[in-house]
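Shown next, in structure tokens, is the structure this report addresses.
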Amino acid sequence: MHGDRHTVVLNGELDIASAPMLEETVADVCAAGAHELVLDMGGVEFIDSSGLSAIVRGKMLCEDQHCGYCLTPAQRPVQGVFEVTGVADRLSFRDATVEPERSAPGAAAH
């Protein structure tokens with residue numbers, strides 16, 4: 001945590017098995033009163049529709065809680081999924097500039 005900014009580091013696959021954990025983590029961070037949540041996507045090697053949905057739902061939850069929400073760019077194949085599906089247009093991306101606050105159970109390392 002850096003001030004009221006929380007960075008959640010994701011690694012491995014963000015799919016049907018791990019997406020619920022990401023949603024729970026986002027809900028916990030919002031409930032803790034964070035003013036900004038950054039999803040560090042640099043370590044995500046694969047994402048499916050469940051992962052995309054979890055990210056979009058996380059954005060909506062943060063908006064409801066008046067919490068900023070952005071992602072760091074993912075590896076090229078995953079970033080390509082964001083672009084091809086049009087989800088990239090609905091999200092804010094920025095380079096990682098803060099130390100990670102916690103490793104999230106949102107994606108398992110494989």
Only Cα pairs under 8 Å and at least 6 apart count here; give the relative contact order of region 28-84 as a rounded whole percent. 51 percent
Per-residue ³J(HN,Hα) for region 46-61, Karplus 6.51 cos²θ - 1.76 cosθ + 1.60, θ = phi - 60°, Hz, x for Gly and Pro: 8, 9, 10, 5, 5, x, 4, 4, 4, 5, 5, 5, x, 4, 5, 4
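Of the peptides 80-86, 59-65, 8-14, how do they stack up when ordered by the mean number of other Cβ atoms within 10 Å, highest first?
8-14, 59-65, 80-86
Every number in this text was worked out from the coordinates using simple rules, so none of it is lab data. Values in this document were obtained by computation on a predicted structure and should not be read as measured data. As a convention, Cβ positions derive from the backbone with ideal geometry for all residues, glycine included, and neighbour counts pool all protein chains shown.
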